[in-house]
Amino acid sequence: MRERRFTIWVVLAILLLVLLNLPAAQTLGVKNAVRSGLAPLQESVSNGWHRLREGWATVRGLGGMAIENQRMATEVARLLGEVRDLKLLERENEQLRSVLGFTSRAQRDLIPAEVIARSRDGWWQTLRLNKGAEHGAAPNQAVISVDGLVGRVLSVSGRTSDVLLLSDPTCRVSAQILRTGAFGIVSGRGPQWDGSVVCRMEFINKNIPVQPGDEVITSGLGGVFPRGLLIGYVDRVSTDRSGLYQYADIISKADLGTLQYVFAVRDASPGAPYLRVQQEGARP
Amino acid sequence: MRQVALIFALLIASVLQATLPTTAWSGWAPAPLMSGLVLYYSLMHRRALVLEAALLAGLVEDSLSLMPLGTTSFGFAVAGLIIERYRDDVMEHQWTTHVAFGAMLNAGVTLFSMAMLLKDELIHPPLFHMALRVIGSFGLGGLVAPLVFALMNRFETTLGGVEAESS
């Protein structure tokens with residue numbers, strides 16, 4: 001009896017040791033299988049949770065709905081005007097480019113996805129999406145929302161993708177200040193006490209003036225993030241310890257804490273700012 | 001039937017744990033539903049089922065995060081076996097037992113996982129954040145474990161897996 005028990009313990013110990021030392025490819029396979037298996041359940045629970053929150057928000061905001069409706073109508077009218085202007089500019093831009101002999105920039109495919117889980121647990125800042133390799137998602141694709149850059153795809157399983165958020169200190173983005181063209185590297189500052197998302201843009205040329213409120217966009221350098229995606233706005237500017245560069249605290253435009261729908265940018269080659277949403281059910 | 005109950009509970013707990021929001025005051029530690037389950041099995045079932053629950057709970061938890069596979073399983077297994085070893089010395093149906101063991105189990109596993117991540121240089125949090133996380137895990141473990149225990153006890157009693165609570 002004692003011998004049998006000893007054998008069981010040895011087998012269990014070996015099993016644990018094997019599990020702890022499995023090669024990355026094997027562990028990824030196991031993880032992907034579990035993630036794909038749990039994805040439908042996570043999606044249902046996430047949807048239910050989202051509806052509950054929306055319902056509660058609706059109940060709380062009933063009094064202010066008329067004012068909100070009026071404000072939205074004004075906003076829609078303003079945006080429609082902007083879209084008309086942009087269409088004109090786009091046409092003009094295309095004509096000028098063809099006159100100058102530039103090649104026409106291709107449109108990018110966007111994969112619409114829904115957030116089914118979020119891990120803002122302090123160690124890592126990630127989201128899980130309900131679209132994976134089967135839908136065309138792949139590691140290192142940029143992920144955006146209607147407001148701007150969200151992060152990049154870290155890993156994919158058949159039906160899910162994990163996204164490393166912009167707020168994670170290990171997510172580094174080559175960026176540019178729109179007004180001055182100054183380059184720098186944006187990385188996350190981790191979770192903040194008030195739940196806000198703060199990033200820092202480092203290695204900005206100290207001779208280029210940077211002001212609070214300046215728009216920060218992706219530069220397209222580095223090959224992961226397409227050029228021209230809005231990251232956020234400069235909040236505060238300082239000089240680094242060496243005195244050679246400036247750094248700026250950036251407030252992210254996309255509200256990473258409440259995201260529900262995002263898009264993975266399928267074509268990651270640097271270039272066109274134009275985006276086209278992939279039709280539901282379309283395959284890569 | 002016990003196996004079915006275990007799998008069902010693991011599925012629900014893992015999904016809820018990944019969905020429930022985290023807070024700054026607890027160091028962004030998630031609600032420890034999985035460690036609550038491990039505690040329940042450690043106090044109520046035989047050793048083989050304790051190990052099975054610990055290994056599966058850890059496997060699912062690691063799979064749903066960026067944690068290296070096996071880390072949490074190891075932590076849960078060791079903690080589960082220690083609790084199982086000493087459960088005859090405590091009153092396993094008392095909520096004070098659940099609070100104390102839940103807090104210690106969750107803080108212990110968090111500390112172990114953190115040490116493993118730091119060893120492999122996978123995280124670089126400030127010292128204050130790490131301390132807050134361990135304290136938060138301790139507090140959340142103490143809060144959540146009695147709830148999970150009560151729910152699981154009711155669930156298994158309904159299914160006929162365990163005897164009804166005597167206290």
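Of the residues in the stretch A:216-257, how many are over 16 Å from A:Arg152 (Cβ atoms), out of contact with any Cys (no Cβ under 6 Å at 6 or more places or on another chain), not small (Gly, Ala, Ser) and not in a loop (DSSP other than H, G, I, E, B)?
Residues meeting the conditions: 12.
Give the number of residues within the stretch B:44-83 that are of a type in the set (A, V, I, L, M, F, W, C) and away from every other protein chain (no Cβ under 11 Å).
The total comes to 8.
Could you check how many residues of the stretch B:41-67 are more than 17 Å from B:Phe101 (Cα to Cα), polar (S, T, N, Q) and open to solvent by less than 10 Å² (accessible area, probe 1.4 Å)?
Residues in the stretch B:41-67 being more than 17 Å from B:Phe101 (Cα to Cα), polar (S, T, N, Q) and open to solvent by less than 10 Å² (accessible area, probe 1.4 Å): 1 in total.
Quick one: what pairs do we get from the stretch A:25-52, first residue within 14 Å of B:Leu11 (Cβ to Cβ) and outside the structural domain of A:Arg128 (by TED's automatic domain parsing), second of a type outside the set (D, E, K, R) and open to solvent by 60 Å² or more (accessible area, probe 1.4 Å), C-beta under 6 Å, 6+ apart or different chains?
none
Restricting attention to the stretch B:85-95, does a residue exist that is away from chain A (no Cβ under 14 Å), surrounded by fewer than 21 Cβ atoms within 10 Å (Cβ to Cβ), assigned to a helix (DSSP H, G or I) and of a type in the set (A, V, I, L, M, F, W, C)?
Yes, that holds for at least one residue.
What about B:Thr110, is it modelled with pLDDT of 90 or more, touching a helix residue (DSSP H, G or I) at 6+ places or on another chain (Cβ under 8 Å) and either at positive phi or within 11 Å of chain A (Cβ to nearest Cβ) (or both)?
Values: modelled with pLDDT of 90 or more: yes; touching a helix residue (DSSP H, G or I) at 6+ places or on another chain (Cβ under 8 Å): yes; either at positive phi or within 11 Å of chain A (Cβ to nearest Cβ) (or both): yes.
So B:Thr110 fits the description; yes.
For the stretch A:171-185, does any single residue satisfy the condition of being within 13 Å of chain B (Cβ to nearest Cβ), closer than 29 Å to B:Leu132 by Cα and either in a loop (DSSP other than H, G, I, E, B) or touching a strand residue (DSSP E or B) at 6+ places or on another chain (Cβ under 6 Å) (or both)?
Taking the stretch A:171-185 as the starting set, the residues that turn out to be within 13 Å of chain B (Cβ to nearest Cβ) are A:171.
In the following step, the residues that additionally are closer than 29 Å to B:Leu132 by Cα were identified as A:171.
Filter once more, so that each one left must be either in a loop (DSSP other than H, G, I, E, B) or touching a strand residue (DSSP E or B) at 6+ places or on another chain (Cβ under 6 Å) (or both): A:171.
The answer is yes; a qualifying residue exists.
Does A:Ala57 meet the test of being open to solvent by less than 70 Å² (accessible area, probe 1.4 Å), closer than 30 Å to B:Leu81 by Cα and under 28 Å from the mean Cα position of the chain (by Cα)?
It is false that A:Ala57 is open to solvent by less than 70 Å² (accessible area, probe 1.4 Å), closer than 30 Å to B:Leu81 by Cα and under 28 Å from the mean Cα position of the chain (by Cα).
Considering only the stretch A:1-23, how many residues are within 9 Å of chain B (Cβ to nearest Cβ) and either within 40 Å of the chain's Cα centre (by Cα) or among the charged types (D, E, K, R) (or both)?
8
Do you know which residues across the stretch B:86-106 are within 13 Å of the chain's Cα centre (by Cα) and either charged (D, E, K, R) or under 15 Å from B:Leu37 (Cβ atoms) (or both)?
B:His98, B:Phe101, B:Gly102, B:Leu105, B:Asn106
Just need a number here: residues in the stretch A:191-237 that are surrounded by fewer than 14 Cβ atoms within 10 Å (Cβ to Cβ) and within 14 Å of another protein chain (Cβ to nearest Cβ).
Residues in the stretch A:191-237 being surrounded by fewer than 14 Cβ atoms within 10 Å (Cβ to Cβ) and within 14 Å of another protein chain (Cβ to nearest Cβ): 3 in total.
Given the conditions (1) at pLDDT 90 or above; (2) touching a Pro at 6+ places or on another chain (Cβ under 9 Å), which single one is not true for A:Leu164?
(2) is the only condition that A:Leu164 fails.
The values are calculated or read from the model by the stated rules, or taken from the named source; none is laboratory data. The structure displayed is predicted, hence computed values, not measured ones. Methodologically, a virtual Cβ is constructed for each residue, glycine included, from the backbone with ideal geometry; neighbour enumeration extends over all protein chains shown. Heads up: the accessible areas ignore ligands, DNA and RNA and are worked out on the full protein's heavy atoms, side chains in. Shrake-Rupley method; radii C 1.70, N 1.55, O 1.52, S 1.80 Å.
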